[in-house]
Structure formats: structure tokens, C-alpha cells
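Novice: Next up is a structure, given as C-alpha cells.
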Amino acid sequence: MIIKINDSELEISNNSEVYLGSKKTGQIFKDWNELDETSKKKLCELQAKAQALVNQSMEILIGADVA
């Protein structure tokens, strides 16, 4: 999953790596296996929210119910 907003970018590769880049934080690279369970759970929740936003965008742009 890749999310890009203005000057920030988040990339989560399932069970692999997490990358966050922004002017404020610089570049942060984390190995998935080094994250604690709470962080992994929160990142999975973010992925689910991102999927919901993509689905909503598709509904708006193509007028189809994709949920």
C-alpha cells in the first residue's frame, strides 16, 4: 500500500517493510518484523481505512458500488 499526500508518503509492504517520508520527519525505514504487535495492528488498521477511502473514491468517480 502506498499513500501520498502533499509532501508526505507512507508505504507499507505486508510483512516486509514500512517507509515514511516527509519534509518534517525525513525518511524512516522500519522492518515489519522489528515492530511491536501494537504498531503492526495500528498499521493494519490504517491499511483497512485506506482501502475504504479508495472504494469511496471509486464510487464517487465511476458511480459504482464497489464495497
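Novice: Straight distance only, please: which lysines reach the Cα of K40 with their own Cα at less than 16 Å, same-chain residues fewer than 8 apart left out?
Specialist: K30, K49
Novice: What does the charge add up to near I28, with Lys and Arg as +1, Asp and Glu as -1, over the other residues with Cβ less than 14 Å from its Cβ?
Specialist: With Lys, Arg at +1 and Asp, Glu at -1, the net is -2.
Novice: What is the helix-to-structure angle for 37-62, meaning the angle in degrees between its Cα long axis and the longest Cα principal axis of the chain, kept from 0 to 90 and rounded to the nearest 10?
Specialist: Here the helix axis deviates by roughly 30 degrees.
Novice: Please give the length that would be gained between T25 and I62 if that part of the chain were fully extended, namely 0.36 nm times their separation in residues minus their C-alpha to C-alpha distance (nm, one decimal). Let's see the in-between values first.
Specialist: Numbers: separation 37, 0.36 × 37 = 13.32 nm, distance 3.56 nm.
Residue separation times 0.36 nm, minus the Cα-Cα distance, leaves 9.8 nm.
Any read-out appearing in this document is the output of simple, stated calculations on the displayed coordinates, not a laboratory observation. Computed from a predicted structure; not experimentally measured. When we count neighbours, we look across all protein chains shown, and the Cβ atoms used for this are built from the backbone with ideal geometry, even at glycine.
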